[in-house]
Amino acid sequence: MDFANKLINKMTDSFFNEDMWLSAGQGLLKIIGILILASILIKVGNVIIGKIFMLRTKSPLRISERRENTLVKLLDNVLTYLVYFIALLMILETLSFDVKALLAGAGIVGLAVGFGAQNLVRDIITGFFIIFEDQFSVGDMIRVGQFEGTVEEIGLRTTKIKSWTGEINILPNGNITEVTNFSINNSVAFVDVSIAYEGDIPKAEKVIEDLLLELPDKYEEMVAPPELLGVQNLGPSEVVLRVVSEVLPMKHFHISRVLRKEIKMRLDEHGIEIPYPRMVMYSRNEESRQKERMTE
């Protein structure tokens, strides 16, 4: 009973110890201050990084916009990891942990953990070579396996790809072995135009060619005037003409729609009709009646 009473008294004295609560309050305020300072440093650092790359746009020695966006995202990530790591060490020191001993132990533990973190190391190394070799950059349209979309972010470990329907696909860099980049070279838009067999094909070709010469001045996405290749196919009820146009990267969908609209409107102006499906009705009873009349 005496031991229990002494323990209770000691706990009671500790609970009402003003120095302990004052020290705990100071530690809590210090931790909150560290977190607030870390957030401020990250925001200020991101602004400074953005300003630096904005100034580079006015410099004669500048890199491509794609690569700039990628490096900005990467530096933002590195700054965030570094600041939060330092903040964690400061918080541990505030909680009276021996940070130097932890760092020394981390080196030993790191060797053991490294054998189990091969995928993490592979992701980081692959991410480095993706950026170093400029395989793709932020804003590029790429296809990786079954995923296709716009690159939103390239980190040290993962890459984020946004599909055209809005989903964000997060891929470990180590899993990216084959990439198709649609944003490096110019694209090609092609449109098939159907003309009825009864139509004047040479006239239709001349009308389309005259129109194609006017379009580059109207649509700056076109790198060169579109070209009419000629008859592409002979369909059941139409002659198919093919038009191709070299355009800026990933603008072929837009230009294809534009070409269809412009060509249709110009053909209507010249009275050239687009063919429509036709159906011939055959009546067997009517044929029998005609034979009967001929026999009579």
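FYI, it's all coordinate maths here, none of it is from the lab. No experiment lies behind these values; they were computed from the predicted model shown. All Cβ positions, glycine included, derive from the backbone under ideal geometry; neighbour counts span all protein chains shown.
The figures follow:
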{"quantity": "Other-chain or far-sequence residues with amide H under 5 Å of Asn169's (modelled H)", "calculated": "Ile161, Lys162, Ser163"}
{"quantity": "Loop sites in the range 131-199: chymotrypsin sites (Phe, Trp or Tyr not before Pro), DSSP, at most 14 other Cβ within 10 Å", "calculated": "Trp164, Tyr197"}
